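Colleague: Mind looking over this structure? Questions follow.
The values are calculated or read from the model by the stated rules, or taken from the named source; none is laboratory data. This one's a predicted model, so the numbers in the text were calculated from it and none came from an experiment. Here the Cβ positions follow ideal geometry from the backbone for every residue, glycine too, while neighbour counts run over all protein chains shown.
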Amino acid sequence: MKLKKINAVISLLTVLFLLAHIVYNAFCYLTMYYNPVLKIVFSVPFMFAVMIHAVLGMLSVFLLSDGTALADYPGLNRKTVLQRVTAALFFPLLMLHVKVFEFYSFASGAGNYILFFLILAADILFYLIAALHVSVSISRAFITLGILSSKEIQEKIDRAAIVTALSIVIIAAVIIVKGLIFMFLK
């Protein structure tokens, strides 16, 4: 159980790093100001926390058999399934996201706007996957840490988390699309 608590703390820390990463990148796209040092400052701690969270999550699944008997409790494990599926989809899309600016540049330089918009769609899908994973996981982290025990409050936190996460995704997508159109399509 100690492993799960450590992972819950790391996951909440990861969310804070994610928010900082989102805010900095939104600032970059809105102002067209880019500082490679600040990009590293806001990306590397986030990526480090994501990797630790992923390793601890996999260890808790495989070492503690945490949530591996999903068929036994199908109604209670929808969130677990969503959490695991979004985690699995996160990493392939992350590889694209890390190089996405180069891909946008290549696609627009080649005049391949279909590829440009496919990359954009995949990147927005990445944001949605991350948002779903975070929104499903927040209340579970609080439960693991013993901060939350009420089912009613858990449901309220889950609803607030999904609305907040999707709002952030929509705002970020609008800002990024606007910036990409300005940078590459004009």
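Colleague: Could you grab me the full set of residues in region 141-170 that are modelled with pLDDT of 90 or more, charged (D, E, K, R) and under 25 Å from M1 (Cα atoms)?
Modeller: Within region 141-170, E152, E155, D158 meet the criteria.
Colleague: Taking region 16-44, which residues are in contact with a helix residue (DSSP H, G or I) (Cβ under 9 Å, 6 or more places away or on another chain) and more than 21 Å from L128 (Cα to Cα)?
Modeller: Selection gives M32, Y33, Y34, N35, L38, K39, V41.
Colleague: For region 11-50, give me each residue that is of a type in the set (S, T, N, Q) and under 20 Å from L93 (Cα atoms).
Modeller: Correct list: S11, T14, N25, S43.
Colleague: For I22, are the conditions met, namely being more than 14 Å from S137 (Cβ to Cβ), at pLDDT 95 or above, out of contact with any Gly (no Cβ under 9 Å at 6 or more places or on another chain) and surrounded by 14 or more Cβ atoms within 10 Å (Cβ to Cβ)?
Modeller: Details: more than 14 Å from S137 (Cβ to Cβ): yes; at pLDDT 95 or above: no; out of contact with any Gly (no Cβ under 9 Å at 6 or more places or on another chain): yes; surrounded by 14 or more Cβ atoms within 10 Å (Cβ to Cβ): yes.
When the stated conditions are applied, I22 does not pass them.
Colleague: Check F116 against each of (1) modelled with pLDDT under 90; (2) out of contact with any Gly (no Cβ under 7 Å at 6 or more places or on another chain) and name the one condition it does not meet.
Modeller: (1)
Colleague: Quick one: which of K99, K151, K79 is among the basic types (K, R), in contact with a helix residue (DSSP H, G or I) (Cβ under 9 Å, 6 or more places away or on another chain) and surrounded by fewer than 18 Cβ atoms within 10 Å (Cβ to Cβ)?
Modeller: It is K79.
Colleague: Follow-up. I'd like to verify a number: residues in region 110-150 that are in a loop (DSSP other than H, G, I, E, B) and not polar (S, T, N, Q), how many? Steps first, answer last, please.
Modeller: Step one: of region 110-150, the residues in a loop (DSSP other than H, G, I, E, B) are 110-112, 145-150.
Narrowing further to those that are not polar (S, T, N, Q): 110-111, 145-148.
Result for region 110-150: 6.
Colleague: May I ask you to list the residues in region 48-65 that are at negative phi and outside any helix (DSSP H, G or I)?
Modeller: L64
Colleague: Next up: Restricting the first residue to region 157-171 and requiring it to be more than 15 Å from F126 (Cα to Cα), which pairs with a second residue that is not in a helix (DSSP H, G or I) meet a Cβ separation below 9 Å and a spacing of at least six or different chains?
Modeller: Listed by first residue and then by second, the contacts come to I157/L148.
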